[in-house]
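What follows is calculated from the coordinates using simple rules that are stated; it is not laboratory data. Here the structure is a predicted model, which is why all the values come from computation and not from measurement. Neighbour counts run over all protein chains shown; Cβ positions are idealised from the backbone, glycine included.
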Amino acid sequence: MIDHKYINGIEKAIGYSFYDKDLLVQALTHSSYNRDVNYEKLEFLGDAVLQIIISRFLYDGHHYLGEGEMTVTRAYAVCGETLGKAGDDMQLDKFILIGSSGKNRKINRNKSMLADVFEALTAAIYLDGGIARAEEFVLGKLGGYLDEYINSGDNKDYKTRLQHLTQDLFSREPEYVIKSEKGPAHDRTFIVDVIVEGRPSGRGKGKSKKKAQQDAAMNALKKYEKKSSF
């Protein structure tokens, strides 16, 4: 039986009061605590709701961003690392319901679990109060991270953009391999391949390793930004 103190505590932490308290409890329940009723299905829905909210936020309020910049900014916002940080900010680990085996391993402190619960809470708020309330929750918790990321200019850097996209799509970072070096020491030309999931995904050329990597990342982005768009 979940007591009122627990409910009040989590509602204060997330800044939303539920009409259906069962939805809230489900969003915080790990399968080790309850195999039949847990956050997994809500997490699935929450991922889609997050994508819509962040996409609309960028479309409405950041007209100066190109499609590629919006795509990678959205990928940054919904990646496990960012959602995990937001979950940590709310101290969600104190409220996640886990079984005894999970408690021994302290899995509630895992950033990936905090990210999963953030997605589940997003879905639960959406089901309980509608898209406007879900938007208030998401932007209230992620808005600062989004502003910081956009202002940093990282969404304009090809290597950073590719890194965030591949983390979002495959949960893996790209690797860069020098294929050749030509020319005298004072005038070298580098050819670099970027490897994603073990496959060459873009080739770049430049007068330095860094420039060749940026060129390779730019060429790979042409492929993966389209894959990440909807």
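Going by how many other Cβ atoms sit within 10 Å of their own, how do 154, 187 line up, fewest first? Please report the intermediate quantities before stating the final value.
Working: 154 17, 187 8.
Going from sparsest to densest Cβ surroundings: 187, 154.
For the chain, with only Lys/Arg (+1) and Asp/Glu (-1) charged at the beta-carbon, what is the dipole magnitude about the Cα centre, in debye rounded to 20?
On the way: 34 positive and 33 negative charges, 231 e Å.
Here the size comes out at about 1100 debye.
List the longest stretch of the chain that has no exposed loop site; here a site is one of the trypsin sites (Lys or Arg not before Pro) assigned by DSSP to anything other than H, G, I, E or B, with at most 15 other Cβ within 10 Å. Please report the intermediate quantities before stating the final value.
Details: sites that count: 35, 106, 172, 188, 207.
Longest stretch, sites excluded: 36-105.
Test of understanding: in a Gaussian network model of the chain with alpha carbons linked when under 10 Å, which of 63, 30, 164 would top the mean-square fluctuation ranking?
63
Out of these labelled values of mean projected area of the Cα convex hull in nm², (1) 12.3; (2) 14.8; (3) 25.4, which was calculated from the coordinates shown here?
For mean projected area of the Cα convex hull in nm², the calculated option is (2).
Please report the net charge: other residues with Cβ closer than 10 Å to the Cβ of residue 198, K and R +1, D and E -1.
Values: positive: 172, 199; negative: 175, 197.
My count for the surroundings of residue 198 gives 0.
Assigning unit charges at the beta carbon (Lys, Arg +1; Asp, Glu -1) and nothing else, what dipole magnitude in debye, to the nearest 20, does the range 77-161 show about its Cα centre?
Details: 12 positive and 13 negative charges, 93 e Å.
Roughly 440 debye, rounded to the nearest 20.
Loop only per DSSP, at most 13 neighbouring Cβ atoms within 10 Å: give me the chymotrypsin sites (Phe, Trp or Tyr not before Pro) in the range 1-91, ordered by residue number. Write out the running numbers ahead of the final one.
Working: sites: 6, 16, 18, 19, 33, 39, 44, 57, 59, 64, 76; in loops: 16, 18, 19, 33, 39, 64.
Passing sites in the range 1-91 are 19, 64.
Along the charge dipole of the chain, Cβ charges K/R +1 and D/E -1, which of 200, 180, 27 sits furthest on the positive end?
The residue sitting most towards the positive pole is 180.
With an 8 Å Cα cut-off and a minimum separation of 6 or more residues, compute the relative contact order for the range 1-90 in percent. Could you put the intermediate results ahead of the total?
Working: 37 pairs, mean separation 16.3, N = 90.
For the range 1-90, the relative contact order is 18 percent.
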